[in-house]
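The values are calculated or read from the model by the stated rules, or taken from the named source; none is laboratory data. Since the structure is predicted, the reported quantities are computational estimates derived from the model, not experimental observations. FYI the Cβ positions are ideal-geometry reconstructions off the backbone, even for glycines, and counts take in every protein chain you see.
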Amino acid sequence: MDRRQFCLAQTGLVKLLWKFTMRIAVIAVVTSIACAVTMLGDAIAQVTSPPPLRAVTKPAPAGTPDGSGYCVSGSAGFLSSEDQGIAESRSKCKRGDSVIIPTAHARIIARLCDFTKSIVPAGGNVVCVLTGADRPER
């Protein structure tokens with residue numbers, strides 16, 4: 001084998017090795033990128049994951065544990081007079097019951113309604129929860 005043939009053979013071998021090396025390099029780069037993307041996705045998922053779900057509890061239906069409800073007779077008593085409304089609410093309603101009182105009877109609202117609960121204006125009336133005890137006037 002003369003020198004020229006040897007050089008050509010060596011050049012062919014170098015080219016072959018170069019192609020092989022480049023393929024390995026490309027595979028290594030692609031694998032590295034794939035690993036990086038996977039790890040980044042896992043890191044993002046850990047940071048932005050939503051909080052765990054909690055059990056949803058429904059409020060108890062009216063009138064079950066504490067026996068409260070809407071006191072119709074107490075509300076109807078206020079349509080006649082203040083005194084009849086107070087008497088009806090004392091005798092037929094209990095603490096925690098909801099009543100409707102006309103806003104014209106503001107002093108009754110102050111005496112009977114529980115101000116730690118919601119008091120809702122509804123037209124010319126107020127819907128409130130009875131305290132169960134009549135507050136004295138001063």
Residues that are part of a loop (DSSP other than H, G, I, E, B) and either in contact (Cβ under 8 Å) with a residue 40 or more places away in the chain or basic (Lys, Arg) (or both), drawn from the stretch 73-96
Lys94, Arg95
Regarding Val120, is this residue among the β-branched types (Val, Ile, Thr), touching an Asp or Glu at 6+ places or on another chain (Cβ under 7 Å) and at pLDDT 85 or above?
no
Per the filter on the stretch 97-138, residues under 19 Å from Ala76 (Cβ atoms), under 36 Å from the mean Cα position of the chain (by Cα) and part of a loop (DSSP other than H, G, I, E, B) are Asp97, Gly123, Gly124
Scanning for something loosely packed, with under 13 Cβ neighbours inside 10 Å and of a type in the set (A, V, I, L, M, F, W, C), does the stretch 92-101 turn up at least one residue?
no
